[in-house]
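Worksheet for the structure shown next.
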Amino acid sequence: MTPVETIIIAIVEGLTEFLPVSSTGHMIITSRILGIEKDEFTKLFEVAIQLGAILSVVVLYWNKFFPLNRKGFYLKLIVAVLPALLLGFIFSKKIDELLESPLTVAITLLVGGIILLFIDNLFQTPTVEEDEQITLKQALIIGFWQCLAMIPGTSRSAASIIGGMQQKLTRNLSAEFSFYLAVPTMAAATGYKLLKAWKESPELLTNTDNLFSLFVGSMVAFVVAMLAIKFFIGFLQRNGFKLFGWYRIVVGLALLALIYTGKL
């Protein structure tokens, strides 16, 4: 990866990680468009730069994560992340295979977009307005919803937000809980990938150029993700999910056209 490609992929990650449009899908598409070879480091890079996005959530919601004596808050996150940890471990090889499929991304973007067109009308009677009101059962169910994002193109953010709204959380609280849940989920996924890379291909993490790319990518993703989160919450309050639905549909159809014509 060139320095320019590193920055472009990091910007895409930062912009899309917390929006309901699928960061993984967008990075796969961007890599194909740029002609970036899908070698082992590229695969590692696209996961590892999520650390920057994770840090943006912790910084923006500092008062939620600290002090550390908020036992109830952390217990809910632990319960909510368990399904992803378990199913992610069991189906890790199949997930890696799906990551190579632009067709999977196109279909899930399209289907998810159609769902987002109607999501605001489906859940109109929320009763949970503060994270303190979320029960452990609700947190666990939202965690299972999040597992849908193991299919590339689904969007971890979209899946967990829809799960939150289905569990009677307000639209804004669903989005915020999705951000909180991203921290342990993405930290676990990134940590697993880094540990696996260290055991199987340690040269990937000892190469100076690779380390520099990871550092730059993480910092760019951090800054862009902070801006994206602030935009998303404000936009969501005013407009809901419909525009994101139309965006996903347009991108999904465009991808299907590119695949059908052999250009992708």
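Bear in mind these aren't lab numbers, they're just calculated from the coordinates by the rules spelled out. Not measured: the values here are computed from a predicted model. Every residue, glycine among them, receives a Cβ derived from its backbone with ideal geometry; neighbour counts consider all protein chains shown.
What do you get for Rg/Rh of the range 1-133 when both radii come from the Cα atoms and Rh is the Kirkwood radius? Reported Rg/Rh (Cα atoms, Kirkwood Rh): 1.01. Charging the Cβ of each Asp and Glu at -1 and of each Lys and Arg at +1, and nothing else, the dipole of the chain about its Cα centre rounds to 620 debye. Within straight-line reach of Lys193, meaning a Cα separation under 18 Å, sit the following aspartates and glutamates at least 8 residues removed in sequence or on another chain: Glu13, Glu17, Asp39, Glu40, Glu46, Asp96, Glu97, Glu100, Glu203.
Just name one of Met165, Thr125, Gly112: the one whose Cα is farthest towards the positive end of the charge dipole of the range 3-260 (beta-carbon charges, Lys/Arg +1, Asp/Glu -1). Checking the options against the dipole of the range 3-260, the answer is Thr125. Two decimals is fine: what is log10 I(q)/I(0) at q = 0.08, 0.13 Å⁻¹ for the chain, from a Debye sum with one equal scatterer on every Cα and no solvent? Log10 I(q)/I(0), no solvent term: -0.30, -0.82.
The relative contact order of the range 3-260, computed from alpha carbon pairs under 8 Å that lie at least 6 residues apart in sequence, is 38 percent. Using the Stokes-Einstein relation with a Kirkwood hydrodynamic radius computed over Cα pairs, the translational diffusion coefficient of the range 119-240 at 20 °C and a viscosity of 1.002 mPa s comes to 132 µm²/s. Listed values for the range 69-77 are Karplus-derived 3J(HN,Hα) couplings in whole Hz (6.51 cos²θ - 1.76 cosθ + 1.60, θ = phi - 60°), namely 8, 7, 4, x, 4, 5, 5, 5, 5, and x replaces Gly and Pro.
A simple rule links phi to the HN-Hα coupling: the Karplus curve 6.51 cos²θ - 1.76 cosθ + 1.60 with θ = phi - 60°, which for the range 14-24 gives x, 5, 9, 4, 9, 8, x, 10, 6, 5, 4 Hz, with x for Gly and Pro.
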